[in-house]
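Peer 1: Before we start, here is the structure in question, set down as structure tokens.
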Amino acid sequence: MHQTRRTVTLGLLAALGGALLSPLRALAARNQGAFEAKSAVDAMRALGMSGAAESKDIEIRAPDIAENGAVVPIDITSNIPGTTSISVFIEKNPFPYTGTFDFTAGAVPFVHLRAKVGESTPVRVVVAAGGKFYTTAKEVKVTIGGCGG
Amino acid sequence: MADPMKIRATLQGDVADVRVLMAHPMETGQRKQGGQVVPLHFIQSITATLNGKQVFSADISQAISRNPVFAFKVKGAKAGDEIAVTWKDNKGETRTDKTTVRGGS
């Protein structure tokens, strides 16, 4: 496991206090369990997003066929009122959980990002709005060799 | 010290369209160079403020592309407002850059 300076410091403090690793993780703001999950389902469970309802009010704009998997542009817009965050899962990546984007104080629930996509996969988006979760997915094909698909 | 970010904030009506380009290798910890695995090195968190008030934040993984680009939109911005963006990576390195919102066409 990789360690940040924060986790090292926390680790030292925890060692002094004789604490175990599991309560330590709860202290860190970053949901390490979700980032280390090897499947989108496990990552969503770690984030408490299981059972998100399918929604047509989330728009994912990404190429149907991406020639370069290292840089796949993804635009996400949520039309669900009260959207507070957008989370992205690239299902077949080694670590599917790509990130969560939080919107506060007047930010429009839209984000553009560029992600690495290892192989053809559904890109799943989970939106949090009013304490509920909504989801949708879009298939992105990655061509290897440049002329497939 | 990492290179500065390029930030552009342009008004479209009362919505500021903010685009950020960060200079960062975003190593996944899976790539090999000369038989050696290049260690994980990636931006973990991003926050953005409008006139000092947080409007956007993100927790991200190593799956974001090298030299990450993000765009987001902030409502209620005016020309001359200050947008500041901060990132922090898994080695504890951090960088903040600022720009002012420019009036759109």
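Peer 1: How big is the dipole moment of chain B about its Cα centre under a simple scheme where the beta carbon of each Lys and Arg is +1, that of each Asp and Glu is -1, and everything else is neutral? Debye, nearest 20, please.
Peer 2: That gives a dipole near 140 debye.
Peer 1: Positive end of the dipole of the protein assembly as shown, charges at C-beta (+1 Lys, Arg; -1 Asp, Glu), about the Cα centre: which of A:Val117, B:Gln33, B:Gly76 has its Cα farthest in that direction?
Peer 2: About the Cα centre, the residue reaching furthest to the positive side is B:Gln33.
Peer 1: Rounded if a/c is under 1.5, else prolate if a/b beats b/c, else oblate: with a ≥ b ≥ c from the C-alpha gyration tensor eigenvalues square-rooted, which is the protein assembly as shown?
Peer 2: Judged from the Cα gyration tensor, the protein assembly as shown comes out rounded (a/c under 1.5).
Peer 1: On to the next question. Quick check: the distance between the Cα centres of region A:67-87 and region B:49-105, to the nearest angstrom?
Peer 2: Each part's Cα centre sits 16 Å from the other's.
Peer 1: Beta carbons within 10 angstrom, averaged per residue: use that to sort the peptides B:61-73, B:21-33, A:34-46, highest first.
Peer 2: B:61-73, A:34-46, B:21-33
Peer 1: Size of the dipole of the protein assembly as shown about the Cα centre, Lys and Arg at +1 and Asp and Glu at -1 on the beta carbon, nothing else charged, in debye to 20?
Peer 2: Dipole about the Cα centre, nearest 20: 380 debye.
Peer 1: Let me ask something else. Quick one: putting +1 on the C-beta of Lys and Arg, -1 on the C-beta of Asp and Glu, what dipole do you get for region A:31-142 around its Cα centre, in Debye to the nearest 20?
Peer 2: Dipole size: approximately 100 debye.
Peer 1: Shifting gears a bit: List, in the order given, every pair from A:Lys38/B:Lys75; A:Lys38/B:Lys98; B:Lys53/B:Lys88; A:Lys138/B:Lys98; A:Lys132/B:Lys98 whose Cα-Cα distance in the structure shown is over 30 Å.
Peer 2: Beyond 30 Å: A:Lys38/B:Lys75; A:Lys38/B:Lys98; A:Lys138/B:Lys98; A:Lys132/B:Lys98.
Peer 1: Moving to a separate point now. Roughly how crowded by other chains is peptide B:65-77, in terms of the mean Cβ count from those chains within 10 Å of each of its Cβ atoms?
Peer 2: 5
Read the figures in this text as sums done on the coordinates, not as results from a lab. Predicted model, so just to flag it, every value in this text is computed and none were measured. Reconstructed Cβ throughout: ideal geometry from the backbone, glycine too, with neighbour counts over all protein chains shown.
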